[in-house]
1. Evaluate the following for A36: is it of a type in the set (A, V, I, L, M, F, W, C) and not in a loop (DSSP other than H, G, I, E, B)?
2. Check whether at least one residue in the range 79-94 is under 30 Å from Q51 (Cβ atoms) and open to solvent by 80 Å² or more (accessible area, probe 1.4 Å), and report yes or no.
3. Collect the residues in the range 54-70 that are farther than 16 Å from R11 by Cα and either open to solvent by 30 Å² or more (accessible area, probe 1.4 Å) or among the acidic types (D, E) (or both), keeping them in residue-number order.
4. Name the residue that is surrounded by the most Cβ atoms within 10 Å (Cβ to Cβ), counting only residues in the range 154-165 that are within 17 Å of L132 (Cα to Cα) and in contact (Cβ under 8 Å) with a residue 40 or more places away in the chain.
5. What's the number of the only condition in (1) of a type in the set (D, E, K, R); (2) assigned to a helix (DSSP H, G or I); (3) open to solvent by 30 Å² or more (accessible area, probe 1.4 Å); (4) in contact (Cβ under 8 Å) with a residue 24 or more places away in the chain that R151 fails to meet?
6. Only one of these conditions is not met by A121: (1) farther than 15 Å from G61 by Cβ; (2) in a helix (DSSP H, G or I); (3) not polar (S, T, N, Q). Which number is it?
7. List pairs: first residue in the range 166-189 and among the polar types (S, T, N, Q), second residue surrounded by 12 or more Cβ atoms within 10 Å (Cβ to Cβ) and not in a helix (DSSP H, G or I) anywhere in the structure, Cβ distance under 6 angstrom, at least six positions apart or on different chains.
Amino acid sequence: MGTDSRERMVRSAAYLFRERGYSGTAFRDVIVHSGAPRGSIYHHFPGGKVQLAEEAVRYAGDFLNAGIQAAVEGGDAAAAVDAFTGWWRQVLIKSEFRAGCPVAAVTVESHDEAPQLAAAAARAFGRWEDTLATGLGNAGVPDGRAARLARLVVASVEGATILCRAHRTVEPLDDVVNELKTLVAAATED
């Protein structure tokens, strides 16, 4: 039972961070959203909000990485891009452009008093880049170029997600995806 409450709180924190940001999400919001017992948050997260955020970033990073991993196993470079971007597209539309990336939200708002949050975000972004680079490499992109393209994919999609939220349309993401797929296709031909 305790583990279930803890996992619900971590998932709820990730969900709330993507819509409200780190600063805009309080423990009480996580309790309400997760349905967990009131006192349990301090029991499960004695390190406070920073510990909860660190675990929410890890959860969000692992969740998205699993989807990327499944898509890149086929060795299709375009599928690697689609795997990373397709989920974002769904999130944006389903949330009516209120939700973005919980990892980016925590990154932008992590301050000097919580350097472990920036480190957790860097690990999540790094896993995405590594998984995408592996998929691009399996599709024939040379290793150094695959790593650079993977970083470009992550950075471009994170930026496009912000633009989509601002403009309330998926058009920026669709444009970025089309350009990234062109780049990736050209890289497999080099």
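The values are calculated or read from the model by the stated rules, or taken from the named source; none is laboratory data. No experiment lies behind these values; they were computed from the predicted model shown. All Cβ positions, glycine included, derive from the backbone under ideal geometry; neighbour counts span all protein chains shown. Surface accessibility is based on the protein's heavy atoms, side chains included, excluding ligands, DNA and RNA. Shrake-Rupley method; radii C 1.70, N 1.55, O 1.52, S 1.80 Å.
1. Values: of a type in the set (A, V, I, L, M, F, W, C): yes; not in a loop (DSSP other than H, G, I, E, B): no.
The answer is no for A36.
2. yes
3. Initially, the range 54-70 is screened for residues farther than 16 Å from R11 by Cα, giving 67-70.
Correct list: G67, Q69, A70.
4. The extreme case among them is V157.
5. With respect to (1) of a type in the set (D, E, K, R); (2) assigned to a helix (DSSP H, G or I); (3) open to solvent by 30 Å² or more (accessible area, probe 1.4 Å); (4) in contact (Cβ under 8 Å) with a residue 24 or more places away in the chain, R151 is out only on (4).
6. Tallying (1) farther than 15 Å from G61 by Cβ; (2) in a helix (DSSP H, G or I); (3) not polar (S, T, N, Q), A121 fails exactly one: (1).
7. Taking only residues 6 or more apart or on different chains, the pairs are T188/A139; T188/G140; T188/V141.
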